[in-house]
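The values are calculated or read from the model by the stated rules, or taken from the named source; none is laboratory data. Here the structure is a predicted model, which means the values were calculated and not measured. A quick note on method: Cβ atoms are made from the backbone with ideal geometry, for glycine too, and the neighbour counts reach across all protein chains shown. Just so you know, the surface numbers come from the protein's heavy atoms only, side chains and all, with ligands and any DNA or RNA stripped out. Shrake-Rupley method; radii C 1.70, N 1.55, O 1.52, S 1.80 Å.
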Amino acid sequence: MYEHEERLRNGQTGAYRWFLTRGAPVRDEAGQIVKWFGTCTDIDEQKRTEEALRQSQERIRALIDSNIIGITCNEGEEGVLVEANEAFLHMTGYTQEDMRSKALNRVKITPPEHASFFQRAIQEVNARGQHAPLETEVICKDGSRLPVLVGSVIFQKRPRQTISFMLDNSARKELEQRKDAFISMASHELKTPLTALKLQTQLVQKRLERQSLPEAATALSRMDGPVKQLERLIGELLDVSKIQAGRLEYLQEAVDLEALLQEITETMQQTNPSHTLVVRGTVGTSLLGDPDRLGQVFTNLLSNAIKYSPDAETVEMDLSASEETVTIRVRDHGIGIPREQRDKIFERFYRATGPRQRAIPGLGMGLYIVAQIIKRHGGTITVDSAVGKGSTFTVILPRKRDA
Ligand code: ADP
């Protein structure tokens, strides 16, 4: 059989195309070739496709070998690692031999507590062909963990092949940890002298009163406001760093929410004569939780409602209850929150942008703490808002909860 690929020139256009020429000899009884029987097939398209594929494979190879980021090729539903570039091997300590033996898969190199993130990433890959960069950790060959940023795309559907891109995220994580440690240390360092200062002023104030110097005592008492404000800010900083470290402690006791809310609104009304606080409805019986932390939630929501509605006269609190839950709505008629920022306001240190928001001071810690406390109570918080009209924060808490 004769088989040969060749380029033939079209006599009219002068253009070359690839052909596959095949020929089979036809022999006589003595075995002598008498003629050739052959075909000539235009395989130009096929050649072009092959060439394009080769080029794209070369490009992918160049990308993988670039070693700017870690890249792995994963097979099947479990994401078995079959190929990895030097950058990935360097980051994790695995070897080409580990890849060849197909001993590793996504589950094996992912810390168990991150498994749920990965599950979500896989769902995203199934739905959209790729997943957004995910902050996670990879378990290295020596068992240590490396913070990484991972993204994946489906490369081939059947049999399934995905490619994952991995960026060493340890420098950023370390910086974050240092910032957290700084906040924790700073809040403790600030708290100690403040406590001493508070005690001293109280002592001096009492002494002045005993010495019948009421004017001096009054002057000194003006320090109360700023000292309280500092105490609150430092307290919030401490809370944020405790939440971050998973060390914020919660009591678990019966809370008379109705009485708690009444106490809070009365205090808030006294200290904020600019607004009228209107409370409607009831929440009835008690629920299980931490009274101080729950108090912190509603003090925060009410003070935000007042703070972010400088031109309004009222702030309303609506209470209602069902058999399973209690609902508390805090409504203001203030500046509102732009739609795209509504989810972000519950994040740590997030403050809405915009000139009206920026003009009102704050550190972006309150709602983060609020959301965390509510979460720990098994509840939810949502916000509804119209820019220039006002916002409503809705807190739903379960009445009973498993310990
Ligand atoms: P802070 O008020 O200290 O900035 P918070 O965590 O309490 O921090 O709130 C985060 C952001 O959410 C605020 O910066 C503000 O922009 C926005 N916000 C909170 N409550 C309201 C409200 N009632 N009306 C309008 N914006 C609000």
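Values for this structure:
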| read-out | value |
| --- | --- |
| Complete set of residues in the range 265-319 that are of a type in the set (A, V, I, L, M, F, W, C), at pLDDT 95 or above, out of contact with any His (no Cβ under 8 Å at 6 or more places or on another chain) and away from the ligand (no atom under 15 Å from the Cβ) | VAL278, VAL279, LEU319 |
| Residue identified as surrounded by fewer than 20 Cβ atoms within 10 Å (Cβ to Cβ), free of Cβ contacts under 8 Å to residues at least 60 places away in the same chain and either of a type in the set (Val, Ile, Thr) or closer than 23 Å to ARG232 by Cα (or both) among GLU340, GLU347 | GLU347 |
| Among the residues listed as GLY334, GLY366, GLY354, GLY390, the single one being at pLDDT below 95, closer than 18 Å to SER309 by Cβ and within 13 Å of the ligand (Cβ to nearest atom) | GLY354 |
| Near pairs, Cβ below 7 angstrom, 6+ apart or cross-chain, from the range 361-374 (closer than 10 Å to VAL297 by Cβ and touching a residue at least 60 places away in the same chain (Cβ under 8 Å)) to any residue that is open to solvent by 20 Å² or more (accessible area, probe 1.4 Å) and within 6 Å of the ligand (Cβ to nearest atom) | GLY366/ASN304 |
| Flag if PRO361 is within 8 Å of the ligand (Cβ to nearest atom), at pLDDT below 95 and farther than 30 Å from VAL255 by Cβ | yes |
| Selection count where residues are farther than 14 Å from LEU301 by Cβ and near the ligand (Cβ under 8 Å from one of its atoms), scope the range 375-387 | 0 |
| Residue count for the range 331-355, restricted to those that are under 15 Å from LEU301 (Cα atoms) and of a type in the set (S, T, N, Q) | 0 |
| Criterion violated by ALA371 - all others in (1) part of a loop (DSSP other than H, G, I, E, B); (2) open to solvent by less than 40 Å² (accessible area, probe 1.4 Å) satisfied | (1) |
| The range 337-348, subset more than 8 Å from the ligand (Cβ to nearest atom) and not acidic (Asp, Glu), residue nearest to THR394 (Cα to Cα) | ARG342 |
| Single condition ILE335 does not satisfy, out of (1) more than 23 Å from THR271 (Cα to Cα); (2) in a loop (DSSP other than H, G, I, E, B); (3) not basic (Lys, Arg) | (1) |
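Here's the yes/no breakdown for (1) modelled with pLDDT under 95; (2) closer than 19 Å to GLN161 by Cβ; (3) touching a Phe, Trp or Tyr at 6+ places or on another chain (Cβ under 7 Å):
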residue: LYS108; (1), (2), (3): yes, yes, no
residue: GLN119; (1), (2), (3): yes, no, no
residue: ALA127; (1), (2), (3): yes, yes, no
residue: SER144; (1), (2), (3): no, no, no
